[in-house]
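Please see the structure below; I have some questions.
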Amino acid sequence: MAQKSHDKGSTGGTPVVTEPERVRNVVLVGHSGAGKTTLVEALLAATGTIGRAGAVADGTTVGDHDPAAVRQQRSVSLSCAPLLHNGIKVNLLDTPGYADFVGELRAGLRAADAALFVVSAAGGMDAATVALWEECAAVDMPRAVAVARLDQPRADVDEAVALCQRLFGDNVMPLYLPMLGDDGVSTEGLLGLITRRVFDYSAGLPADVRDPDPEHQRAIDESRDELIEGIIAESEDETLMDRYLDGEEISDEVLIDDLEKAVARGHFYPVVPVCAQTGVGLDVLLEVLTAAFPSPLEHELPAVTGVDGSPRPPLSCDPAGPLVAEVVKTTVDRHVGRVSLVRVFSGTLRPDQTVHVSGHGMAERGHPDHDADERVGHIYTPLGATVREVSLCVAGDICAITKSGSAETGDTISTADDPLLIAPWEMPEPLLPVAIVARSRADEDALARNLSRLVAGDPTLRLERNPETHQLVLWCMGEAHADVVLDRLRAGGVELDTEPVKVSLRETLTVPAKGHGRHVKQSGGHGQYAVCDIEVEPLPRGSGFEFVDRVVGGAVPHNYVPSVEKGVRAQLERGLVAGHPVVDLRVTVVDGKSHSVDSSDAAFQTAGALALRDAAERGQPALLEPIDEVTIRVPDGSVGTVMGDLSGRRGRVLGTEPDPDTEGRTLVRAEVPATELLRYAVELRSMTAGTGTFRRHFVRHDPMPAHLADQTRKEQLP
């Protein structure tokens with residue numbers, strides 16, 4: 001592997017550290033197309049980690065090695081790319097910018113100690129990025145901003161910085177100003193506001209650092225005063241502001257020290273212009289990542305419990321402590337097996353170590369609770385799709401392990417003699433259903449194998465085998481997520497098709513009715529004889545089924561009354577009109593006839609079913625559809641649009657209220673038929689520019705409008 005050194009950075013072939021203070025875990029976030037993957041590629045090349053930067057358009061980048069990412073020319077999964085700069089190992093966690101892959105973003109946030117927001121100087125910013133900034137602010141995660149893509153024709157660094165300050169809030173301040181070239185358009189250098197020095201990249205990396213030209217001095221002085229006041233306001237030295245206001249010249253060393261402390265605490269957010277193509281700002285950005293961002297020693301660790309839920313003391317980032325690590329991402333390679341990206345929070349992970357792997361709390365998404373002791377084979381440091389073997393992974397660092405038999409995304413790895421469980425991170429609910437069908441019996445077997453691999457690695461994917469509709473349904477985050485999942489299944493050798501998703505309906509009778517069931521057959525020997533009369537009446541929604549015995553005089557022998565009930569219940573399951581289960585009925589058996597020889601349990605079961613079908617002809621059967629209560633979280637400006645859309649979905653708005661967690665957002669509660677929500681995950685995102693989210697849960701069944709019921713019967717009956 002090529003090696004390269006600069007004045008401000010150096011590299012080794014495989015970065016290995018033994019002290020947590022020499023690690024920085026940085027997640028790159030921003031909207032799709034902002035330039036995150038390209039920036040990672042440039043940083044790797046600038047530090048000599050790779051010989052030459054690849055290109056997203058060519059499918060040659062380290063991060064976008066997934067075939068779906070190459071085809072779509074955008075990131076679809078989390079990737080880890082470590083580099084070494086000034087003896088500090090920086091684990092760059094590149095995340096997808098598209099909302100469908102929020103699970104990968106969540107995994108990156110979990111593994112990181114700081115976030116680098118990448119904003120395009122030419123493309124503005126989406127509302128989802130602003131929401132993510134607010135989310136990071138809620139937990140005081142240290143943040144910085146890289147204004148990228150300076151080489152684009154419409155690039156405007158000043159406008160991008162102003163946008164960040166307007167949307168992100170206070171203490172978002174540039175450390176450098178762009179220095180334009182002779183053409184007045186291209187950015188050839190940066191003006192350092194603290195040091196008052198020029199970083200000239202006209203000859204490439206490393207920058208030529210010199211004194212500013214006279215025409216630059218005024219711009220530096222104006223912006224520098226604002227920056228210094230912002231840094232001093234966050235200083236732990238309460239006398240510094242008074243000294244500054246009294247005219248004392250504060251040294252660069254003091255300012256830089258206070259700046260780094262404020263950034264590490266999550267109270268100050270430096271902005272650095274950077275261009276992956278020309279190298280502008282790459283070296284100074286590396287300085288921010290290594291000098292200002294905190295080490296794992298300074299980041300609060302997740303809570304832990306015993307596997308049985310018993311409380312345990314808080315973790316500390318101590319390489320000599322008990323081993324506690326988390327699988328932040330699992331992929332399953334057909335040749336290598338499971339490859340798990342692991343963040344070590346405590347202790348040291350070593351080859352040939354016996355560990356305990358625990359996964360709890362994800363059974364509803366197809367991840368049954370599991371506990372197993374396993375031996376770790378080799379340990380690797382990942383670089384995109386490649387792995388390089390290392391001798392250990394200390395607390396605070398990130399590594400990869402292979403061939404684990406049970407490790408899934410979100411699992412805890414701990415010592416075998418005292419297994420622990422890390423509190424899981426918040427994962428959004430998948431709300432877009434996709435029904436899939438294998439084309440052949442052989443494809444069904446391949447589908448089962450491949451689905452287990454996908455579910456193991458993607459906690460935002462939920463697998464459902466609906467016993468009523470007999471469909472295999474994948475619940476995804478959105479259309480792009482569904483496309484990637486289907487691509488991966490097909491790449492695994494599965495031939496499959498999709499079909500419309502069916503909603504589980506119910507049937508009921510709407511008026512009281514009487515039914516007569518007569519089952520009489522004589523074919524030599526013992527025959528079959530059973531007659532019963534029933535009365536059926538509808539019950540309030542949610543009442544279920546009641547069976548009442550009002551037979552007098554032994555018209556139906558006592559021992560055969562349960563047989564009538566069995567027959568009625570069996571017919572309720574089979575349905576009366578459209579093949580859906582029947583609910584909310586009271587069935588009363590009132591009369592009947594029997595034969596001393598030919599009556600039997602089976603005969604009265606058949607008679608009971610026939611009696612119910614007979615009553616259904618006069619009971620005005622109706623289809624019932626499931627009604628879900630939805631809670632929709634949207635920006636205040638989208639409330640009217642969302643409520644109008646709900647009316648078009650036959651929804652009933654229950655009320656609105658300000659979001660208690662986020663200013664400027666509203667919670668809309670409504671009841672909506674489940675049949676109207678099949679594609680709501682996609683349509684809500686479209687209505688709210690990607691910022692709307694919702695939750696849903698079943699509340700009851702209600703009658704379906706007659707015209708829709710008739711249409712449904714025609715579609716679902718053979």
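The values are calculated or read from the model by the stated rules, or taken from the named source; none is laboratory data. What you see is a predicted model, and the numbers here were worked out from it, not measured in a lab. Cβ coordinates were reconstructed from backbone atoms using ideal geometry, including for glycine residues, and neighbour counts include every protein chain displayed. These area figures cover heavy atoms from the full protein model, side chains too; ligands, DNA and RNA do not enter into them. Shrake-Rupley method; radii C 1.70, N 1.55, O 1.52, S 1.80 Å.
Tell me which residues come under 5 Å, amide H to amide H, from residue 469 once H is placed; ignore anything under 5 positions away on its chain.
Those lying under 5 Å, H to H, from residue 469: there are none.
Before anything else, pin down the relative contact order of region 1-149: Cα pairs under 8 Å, at least 6 apart, normalised by residue count, whole percent.
Values: 301 pairs, mean separation 42.7, N = 149.
Rounded, it is 29 percent for region 1-149.
If you don't mind, another one. Where does helix 479-491 land angle-wise versus the long Cα axis of the chain, in degrees 0 to 90, nearest 10?
Roughly 80 degrees between the two axes.
Per q in 0.12, 0.16, 0.21, 0.22 Å⁻¹, report the Debye log10 I(q)/I(0) for region 191-281, using one uniform scatterer on each alpha carbon and no solvent.
Results for region 191-281 at q = 0.12, 0.16, 0.21, 0.22 Å⁻¹ read -0.44, -0.75, -1.11, -1.16.
Using the Karplus equation 6.51 cos²θ - 1.76 cosθ + 1.60 (θ = phi - 60°), what ³J(HN,Hα) coupling, rounded to whole Hz, does each residue of region 100-117 give in order, writing x for Gly and Pro?
4, 9, 5, x, 5, 5, 4, 5, x, 5, 5, 7, 9, 10, 7, 10, 10, 7
In angstroms, what radius of gyration and Dmax does region 549-661 have, counting Cα atoms only?
23.7, 76
What are the ³J(HN,Hα) couplings of region 539-553, residue after residue, when phi is run through the Karplus curve with 6.51, -1.76, 1.60 and θ = phi - 60°? Round to Hz, x for glycine and proline.
10, x, 4, x, 7, x, 10, 10, 10, 10, 9, 10, 6, 10, x
For a bin width of 5 Å, list the pair-distance distribution of region 354-414 built from all Cα-Cα distances, rounded to whole %.
P(r) for region 354-414, in whole percents per bin: 4, 16, 24, 23, 17, 11, 4, 0.
Moving on. If you build the Cα gyration tensor of region 499-574 and take the root of 5 times each eigenvalue, what three semi-axes come out, in whole angstrom, biggest first?
The three semi-axes for region 499-574 are 29, 19, 11 Å.
Here's a follow-up. Using the Karplus curve 6.51 cos²θ - 1.76 cosθ + 1.60 with θ = phi - 60°, what ³J(HN,Hα) values do you get for each residue of region 258-274, in whole Hz, with x for Gly and Pro?
The phi angles translate into 5, 4, 4, 5, 5, 5, 5, 7, x, 10, 9, 10, x, 10, 10, x, 8 Hz.
Continuing with this model, one more query. Among DSSP bridges having both ends in the chain, what percentage is antiparallel? Round to the nearest 5.
Details: 120 of 148 bridges.
Around 80 percent of the beta bridges assigned by DSSP in the chain are antiparallel ones.
Now for a different question. Please list the radius of gyration and Dmax for region 609-687, considering alpha-carbon atoms only, with Å as the unit.
18.1, 60
I've got another one for you. Express the carbon and sulfur contribution to the solvent-accessible surface of region 331-438 as a percent, rounded to the nearest whole number, probe 1.4 angstrom. Could the numbers behind the result be given before it?
Numbers: 2140 of 4270 Å².
Roughly 50 percent of what the probe reaches on region 331-438 is carbon or sulfur.
I need the calculated FRET efficiency for the pair residue 182 and residue 442, taking r as the beta carbon distance and R₀ as 60 Å, to the nearest 0.05.
0.35
While we're here: If you project the alpha carbons of region 121-211 onto their three principal axes, what span does each projection cover, largest first, in Å?
41, 29, 20
Across bins of 10 angstrom width beginning at 0, how are the C-alpha pair distances of region 207-252 distributed, in whole percent?
22, 45, 25, 7
Classify region 437-494: rounded, prolate or oblate, from the alpha-carbon gyration tensor (a ≥ b ≥ c, eigenvalue square roots; a/c under 1.5 rounded; otherwise prolate if a/b is larger than b/c)?
Values: a/c = 1.60, a/b = 1.11, b/c = 1.44.
Oblate.
Still on this structure: Listed highest first by mean packing, meaning other Cβ atoms within 10 Å per residue, what order do 67-74, 18-25, 490-497 come in?
Top of the packing list down: 18-25, 67-74, 490-497.
For region 134-174, take N as its residue count and report Rg(C-alpha) divided by 2.2 N^0.38 Å. Please list the in-between numbers first.
Numbers: Rg = 11.8 Å, N = 41, 2.2 N^0.38 = 9.0 Å.
In units of the 2.2 N^0.38 Å rule of thumb, it is 1.31.
Express the relative contact order of region 50-118 as a whole percentage, based on alpha carbon pairs under 8 Å and six or more residues apart in sequence. Before the final figure, lay out each step's value.
Values: 86 pairs, mean separation 14.0, N = 69.
Rounded, it is 20 percent for region 50-118.
Right, next: Quote the relative contact order of region 157-301 in percent (integer), defining contacts as alpha-carbon pairs under 8 Å separated by 6+ residues. Intermediate values should be presented prior to the final figure.
Working: 184 pairs, mean separation 35.0, N = 145.
It comes to 24 percent, rounded to a whole number.
Using only helices, what value at 222 nm comes out for the chain when you add -39,500 (n - 2.57) per DSSP H run of length 4 or more and divide by the total residues, to the nearest 500 deg cm²/dmol?
Values: 16 runs with 186 residues, N = 718.
Counting only the DSSP helices, I get -8000 deg cm²/dmol.
Okay, next question. Using only Cα atoms, figure out Rg for region 254-410 and give it as a multiple of 2.2 N^0.38 Å.
Output field value: 1.24.
Let me ask something additional. Using a 1.4 angstrom probe, figure out how much accessible area region 112-199 has per residue, in square angstrom, rounded to the nearest whole. The partial results should precede the final answer.
On the way: 3370 Å² over 88 residues.
The answer is 38 Å² per residue.
On to the next question. Express in % the proportion of alpha carbon pairs of region 577-718 at distances exceeding 21 Å. Walk me through the intermediate numbers first.
Values: 5828 of 10011 pairs.
Every Cα pair in region 577-718 considered, those over 21 Å come to 58 percent.
Something else now. In Å, the Kirkwood hydrodynamic radius of region 166-207 over pairs of distinct alpha carbons?
Values: mean 1/r = 0.0864 Å⁻¹.
One decimal place: 11.6 Å for the Kirkwood radius.
Which whole-percent values make up P(r) of region 30-119 when all C-alpha to C-alpha distances are grouped in 10 Å steps starting at zero?
With 10 Å bins starting at 0, P(r) equals 18, 52, 27, 2.
Kindly rank 137-150, 663-676, 240-253, 552-565 from highest to lowest mean number of other beta carbons found within 10 Å of each residue.
Values: 137-150: 21.6, 663-676: 17.9, 240-253: 11.8, 552-565: 16.2.
Ranking the peptides 137-150, 663-676, 240-253, 552-565 by packing returns 137-150, 663-676, 552-565, 240-253.
Can you give the log10 of the normalised intensity I(q)/I(0) at q = 0.16, 0.19, 0.20, 0.31 Å⁻¹, computed with Debye over equal Cα scatterers of region 280-321?
For region 280-321 at q = 0.16, 0.19, 0.20, 0.31 Å⁻¹, log10 I(q)/I(0) is -0.60, -0.70, -0.73, -1.04.
Can you give the angle from 0 to 90° between the axis of helix 639-648 and the longest principal axis of the chain, with both taken from C-alpha atoms, to the nearest 10?
Between the helix axis and the principal axis of the chain, the angle is about 20 degrees.
Show the residues, 5+ positions off or on another chain, whose built amide H is closer than 5 Å to the amide H of residue 307.
421
Express as a percent, rounded to the nearest 5, the fraction of DSSP beta bridges in region 1-151 (both residues included) that run antiparallel. Walk me through the intermediate numbers first.
Numbers: 9 of 25 bridges.
So the antiparallel bridges in region 1-151 amount to around 35 percent.
Under the Kirkwood approximation for Rh and a Cα-based Rg, what ratio Rg/Rh is obtained for region 65-196? Kindly include the intermediate steps, with their values, before the conclusion.
Details: Rg = 16.2 Å, Rh = 16.6 Å.
We get a ratio of 0.98 for region 65-196.
Remind me, what semi-axes does the chain give for its equivalent ellipsoid, largest first in whole Å, using sqrt of 5 times each Cα gyration tensor eigenvalue?
On the way: eigenvalues 787, 162, 102 Å².
Rounded to whole Å, the semi-axes are 63, 28, 23.
In addition: Please compute the volume of the convex hull spanned by the alpha-carbon atoms of region 317-438 and report it per residue in Å³.
Details: hull volume 15.8 nm³, N = 122.
Dividing the Cα hull volume of region 317-438 by its residue count gives 129 Å³.
Right, next: Rolling a 1.4 Å sphere over the protein heavy atoms, what is the accessible area per residue of region 232-362, to the nearest Å²? Walk me through the intermediate numbers first.
Details: 5600 Å² over 131 residues.
Solvent-accessible surface per residue comes out at 43 Å².
Whole number please: convex hull volume per residue, Cα atoms of region 93-137, in Å³.
81
Once the convex hull of the alpha carbons of region 224-341 is built, what does its volume come to per residue, in cubic angstrom? Intermediate results must be reported in sequence, preceding the final value.
Details: hull volume 22.9 nm³, N = 118.
Spelled out: Cα convex hull of region 224-341, divided by residues, is 194 Å³.
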